[in-house]
Amino acid sequence: MPKTILFLYGTLKYGQSNHDRIADQELIRPAETLRLYRLYGLGWHPGLVLDKEAGLAIKGELWAVDDETLAKLDEYEGVPHWFSRSEIAIADLVGDVQAYFFNGPVPDDAPSGDVWPLPA
């Protein structure tokens with residue numbers, strides 16, 4: 001059965017607070033995006049947004065996820081309202097990789113960076 005490749009950058013990553021939601025899936029490897037995105041700190045979780053003008057290479061992990069887990073993750077992430085799942089450009093990979101993008105307004109004072117958790 002084919003699996004969806006997800007780029008995970010926040011609380012679902014290995015060692016983070018919600019990793020148990022994907023712990024039984026396949027970690028492929030660490031990865032970075034092209035310099036087209038930015039992570040914002042939104043309290044206890046990050047939000048990924050497209051930022052073509054001042055984008056950073058976001059650090060994260062690639063995971064192969066089955067359809068059942070993907071459906072549960074979509075529900076957890078509030079797709080399509082809170083987050084949307086769409087294609088993301090990975091620096092050294094040509095292929096279909098998806099990530100969760102934040103759909104809400106980013107507060108003007110939200111901290112940003114290229115890795116979660118954001119450095120203090």
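Checked against (1) farther than 18 Å from residue 3 by Cβ; (2) in a strand (DSSP E or B), residue 62 passes all but condition (1). Do the conditions hold for residue 58, that is, is it in contact (Cβ under 8 Å) with a residue 40 or more places away in the chain, surrounded by 16 or more Cβ atoms within 10 Å (Cβ to Cβ) and either in contact with a Leu (Cβ under 7 Å, 6 or more places away or on another chain) or not β-branched (Val, Ile, Thr) (or both)? Considered against the rule, which asks whether it is in contact (Cβ under 8 Å) with a residue 40 or more places away in the chain, surrounded by 16 or more Cβ atoms within 10 Å (Cβ to Cβ) and either in contact with a Leu (Cβ under 7 Å, 6 or more places away or on another chain) or not β-branched (Val, Ile, Thr) (or both), residue 58 comes out as yes.
For the stretch 77-92, the criterion of being part of a loop (DSSP other than H, G, I, E, B), open to solvent by less than 20 Å² (accessible area, probe 1.4 Å) and closer than 18 Å to residue 5 by Cβ is satisfied by at least one residue. Restricting 42, 12, 36 to residues that are touching a residue at least 40 places away in the same chain (Cβ under 8 Å), more than 11 Å from residue 60 (Cβ to Cβ) and touching a Lys or Arg at 6+ places or on another chain (Cβ under 9 Å) narrows the list to 36. When the stretch 62-78 is filtered for residues that are free of Cβ contacts under 8 Å to residues at least 24 places away in the same chain and over 18 Å from residue 106 (Cβ atoms), the ones remaining, listed by number, are 68, 71, 74, 75.
The values are calculated or read from the model by the stated rules, or taken from the named source; none is laboratory data. Here the structure is a predicted model, which is why all the values come from computation and not from measurement. As a convention, Cβ positions derive from the backbone with ideal geometry for all residues, glycine included, and neighbour counts pool all protein chains shown. We work out accessible area using only protein heavy atoms, side chains counted, and drop any ligands, DNA or RNA first. Shrake-Rupley method; radii C 1.70, N 1.55, O 1.52, S 1.80 Å.
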